[in-house]
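Single-structure report; data block below.
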Amino acid sequence: MVGFKATDVPPTATVKFLGAGTAACIADLITFPLDTAKVRLQIQGERQGPVRAAASAQYRGVLGTILTMVRTEGPRSLYSGLVAGLQRQMSFASVRIGLYDSVKQFYTKGSEHAGIGSRLLAGSTTGALAVAVAQPTDVVKVRFQAQARAGSGRRYQSTVDAYKTIAREEGFRGLWKGTSPNVARNAIVNCAELVTYDLIKDALLKANLMTDDLPCHFTSAFGAGFCTTVIASPVDVVKTRYMNSALGQYSSAGHCALTMLQKEGPRAFYKGFMPSFLRLGSWNVVMFVTYEQLKRALMATRTSREAPF
C-alpha cells in the first residue's frame, strides 16, 4: 500500500467536507498560474471590455502567456486573485466534492451500488448547490486574473476592494453575475469530474488492475481531468467572458456566446484549451490524491482518539 492505509471505518460527511475544501486549496496553490493563463487566453480577442491592458496583450500558448505576464507584469501577476480563489475553494469544493457521496447515497436510498444516473444526478446537484454558495468569490477571482497589473488599467486594488466596488457600482446582482452559465458549467464539470473519477476508479479496482492506493487515484484523476476539459471548455469560456464583461456589454450569457460565435467563430469556445487541460489535469491529480489521503489521515486520527486505552 502506498500512502496512508485505508481505515476500516468509512469517512464521515464532516471529514469529506473538510478534506475536500483543504485538498482543493492545496491544488489551487500549485496550479493557479495555469488557471490565470487560461483566463487570459479565454478573454483574448474581445473587442470591448473593461480590462483593455490585459485583453490587448498578445498571448501564444500556455508557456508564452505565462512568460509574457511575468515579463510585462511581474511574477506576482500569475497569482492575482489567489485570495478569492482560496475563498472559493473552501466554500465551493467542500460542497460539490465533499457532499457528493452523501447526495449519491440519498438518491440511491443507501444502496452501495450506484448507477450512472444516480451519479450524474448527484454530481449535478452538488455542482449547482456549490455555485449558489460561492458565486461572488468566483466573480472576484476571474476579474483579478483578467486584469493586468501593469499600467493604470487596474480595476481593483485588493480582494475586499473588489467585493465593495462590484457591489457599489453594479449592485448586489454584480456579485452574482454569470450565475446561470456558472451553474451550467459546474453541473457539467462536477458530473464529468466526479462521475468519471468514480467510474475509472471502480473499473480499475473491479478488474484488479490496481489497488486502492496512490497510483489508482492518480490514474483516475488524470482521466477525469481530460474528460472534464473536453466537455466543459465551451461553457467555461462563456462563463469567463461574461463574468469579466463590463456592465451592459452582454445582455445575457446566451448573448455573450452568440457574440463570440459571430465575431470569432466556433474555435473561440475552445480558447485556452491547453492551459485548461494542464490545469484541470494537474488540479484533479493533486486534489483527488490529497483528498483521498486526507480522508484516511483524518479517520485514522479520529479512530485512534476514540480507541480505548
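The values are calculated or read from the model by the stated rules, or taken from the named source; none is laboratory data. Just so we're clear, the structure is a prediction, and the values are computed from it rather than from any experiment. Backbone-built Cβ (ideal geometry, glycine too); neighbour counts: all protein chains shown. Ligands, DNA and RNA are excluded from the accessible area calculation, which covers all protein heavy atoms including side chains. Shrake-Rupley method; radii C 1.70, N 1.55, O 1.52, S 1.80 Å.
One line per residue, one yes/no per condition, for (1) in a helix (DSSP H, G or I); (2) in contact with a strand residue (DSSP E or B) (Cβ under 7 Å, 6 or more places away or on another chain); (3) at pLDDT below 90:
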site	(1), (2), (3)
Gln58	no, no, yes
Arg71	yes, no, no
Gly85	yes, no, yes
Val103	yes, no, no
Ser111	no, no, yes
Gly117	yes, no, yes
Val133	yes, no, yes
Arg143	yes, no, yes
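Scanning segment 250-277 for residues that are among the basic types (Lys, Arg) and touching a Ser or Thr at 6+ places or on another chain (Cβ under 9 Å) gives a single hit, Lys271.
Take Ala207 and tell me if it is in contact with an Asp or Glu (Cβ under 9 Å, 6 or more places away or on another chain), hydrophobic (A, V, I, L, M, F, W, C) and at pLDDT 90 or above. No. For segment 176-183, the criterion of a residue being at pLDDT 85 or above, assigned to a helix (DSSP H, G or I) and not hydrophobic (A, V, I, L, M, F, W, C) is satisfied by no position. Candidates in segment 188-218 are the residues that are out of contact with any Gly (no Cβ under 7 Å at 6 or more places or on another chain), part of a helix (DSSP H, G or I) and free of Cβ contacts under 8 Å to residues at least 40 places away in the same chain; of these, the one that is nearest to Thr229 (Cα to Cα) is Lys201.
For segment 283-309, a residue qualifies if it is of a type in the set (Ser, Thr, Tyr) and modelled with pLDDT of 90 or more, and the qualifying residues are Thr290, Tyr291. Here Gln293 passes the criteria (1) touching a Phe, Trp or Tyr at 6+ places or on another chain (Cβ under 8 Å); (2) open to solvent by less than 20 Å² (accessible area, probe 1.4 Å); (3) under 28 Å from Pro10 (Cβ atoms) except the one numbered (2). Of the numbered criteria (1) over 20 Å from Gly223 (Cβ atoms); (2) in a helix (DSSP H, G or I), the one Tyr250 fails is (2).
If we keep just the residues of segment 253-309 that are outside any helix (DSSP H, G or I) and without any contact (Cβ under 8 Å) to a residue 40 or more places away in the chain, which is nearest to Asp213 (Cα to Cα)? Only one residue tops the list, namely Ala307. For Gln157, the conditions (1) within 30 Å of Tyr197 (Cα to Cα); (2) outside any helix (DSSP H, G or I) all hold with the exception of (1). Scanning segment 79-123 for residues that are touching a residue at least 24 places away in the same chain (Cβ under 8 Å) and open to solvent by 40 Å² or more (accessible area, probe 1.4 Å) turns up Tyr79, Val83, Leu86, Gln87, Met90, Leu99, Ser102, Ile116, Leu120. Applying the condition of being farther than 20 Å from Thr229 by Cβ and modelled with pLDDT of 85 or more to segment 25-56 and asking which residue is surrounded by the most Cβ atoms within 10 Å (Cβ to Cβ) yields Cys25.
Tell me yes or no: at least one residue of segment 134-143 is open to solvent by 50 Å² or more (accessible area, probe 1.4 Å), among the hydroxyl-bearing types (Ser, Thr, Tyr) and out of contact with any Cys (no Cβ under 7 Å at 6 or more places or on another chain). Looking for residues that are open to solvent by 50 Å² or more (accessible area, probe 1.4 Å), among the hydroxyl-bearing types (Ser, Thr, Tyr) and out of contact with any Cys (no Cβ under 7 Å at 6 or more places or on another chain), one finds none in segment 134-143, hence no.
Tally the residues that are open to solvent by 50 Å² or more (accessible area, probe 1.4 Å), more than 15 Å from Val285 (Cβ to Cβ) and within 16 Å of the chain's Cα centre (by Cα), restricting the search to segment 203-241. Total meeting the criteria: 2. Take the conditions (1) crowded, with 16+ Cβ neighbours inside 10 Å; (2) at pLDDT below 80; (3) not acidic (Asp, Glu); Gly151 misses just one of them, which is (1).
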